[in-house]
Amino acid sequence: MKSGSLHLGRVSGISVKVHWSVALISMLLGVSLVQQIGVPAAAIAVVAFMASILVHEFAHALTARRFGVGTESIQLWALGGVARLDRPSPSAKAEGWIAAAGPIGSIAVALVSLGSWALLGATDSGSSYVAVLGWLGIINALLAVFNLLPGSPLDGGRIVKAVRWAI
């Protein structure tokens, strides 16, 4: 462990770490969900949410790789995740696509989750597990919208930077 982080392993050659603060956020999130959907479904929801943050960060990392930029690590922490790239983007186009990839990944998770939720009966099913799919879809859609806000260090701010660079 370095700087309060636990190394979970490597995925596609990228080191994945989790900061201790994730445990605190996971417990708070889990406790709030337990009251609505029960312990087993809440545990699955928390793990699925953390996995969706990894999808967002891996979208950045794999897009960066496409443009010749490596990723040193991905770290989950209390306020989300960070893909630590090994160098700056080589072009405005690369910067824009690398920044946009995370929200695109979150939108993909939202669409898959909400589509599955709808196919499995949405609110008519009465299943806590189906409710988790709807919740995960909405959370990821909100995550994508939030990340597209045009302020630094959000992805939207990086997209604005890329557009200004290109101009």
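The values are calculated or read from the model by the stated rules, or taken from the named source; none is laboratory data. Keep in mind the model is a prediction, meaning the values are calculated, not measured. No Cβ is skipped: glycine too gets one built from the backbone with ideal geometry, and neighbour counts run over all protein chains shown. SASA here: full protein model, heavy atoms, side chains in, ligands and nucleic acids out. Shrake-Rupley method; radii C 1.70, N 1.55, O 1.52, S 1.80 Å.
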Does Ile98 fit the bill of being over 27 Å from Gly134 (Cα atoms) and open to solvent by less than 20 Å² (accessible area, probe 1.4 Å)?
yes
Please count how many residues of the range 42-86 are among the aromatic types (Phe, Trp, Tyr), out of contact with any strand residue (DSSP E or B) (no Cβ under 9 Å at 6 or more places or on another chain) and over 15 Å from Leu136 (Cβ atoms).
1
For Val47, which of the numbered conditions (1) in a strand (DSSP E or B); (2) under 26 Å from Leu111 (Cα atoms); (3) open to solvent by 70 Å² or more (accessible area, probe 1.4 Å) fails to hold?
(1)
Across (1) crowded, with 20+ Cβ neighbours inside 10 Å; (2) touching a Phe, Trp or Tyr at 6+ places or on another chain (Cβ under 9 Å); (3) not aromatic (Phe, Trp, Tyr), Arg66 clears everything bar (1)
Please verify whether the range 84-91 includes one or more residues that are more than 24 Å from Leu8 (Cβ to Cβ) and buried (at least 16 other Cβ atoms within 10 Å of the Cβ).
yes
Find all pairs meeting these conditions: Cβ atoms under 8 angstrom apart; at least six residues apart or on different chains; first residue within the range 105-129 and within 25 Å of Val34 (Cβ to Cβ); second residue polar (S, T, N, Q) and assigned to a helix (DSSP H, G or I).
Ser106/Ser52; Ser106/Asn140; Ser106/Asn147; Val109/Ser52; Val109/Asn140; Ala110/Asn140; Ser113/Asn140
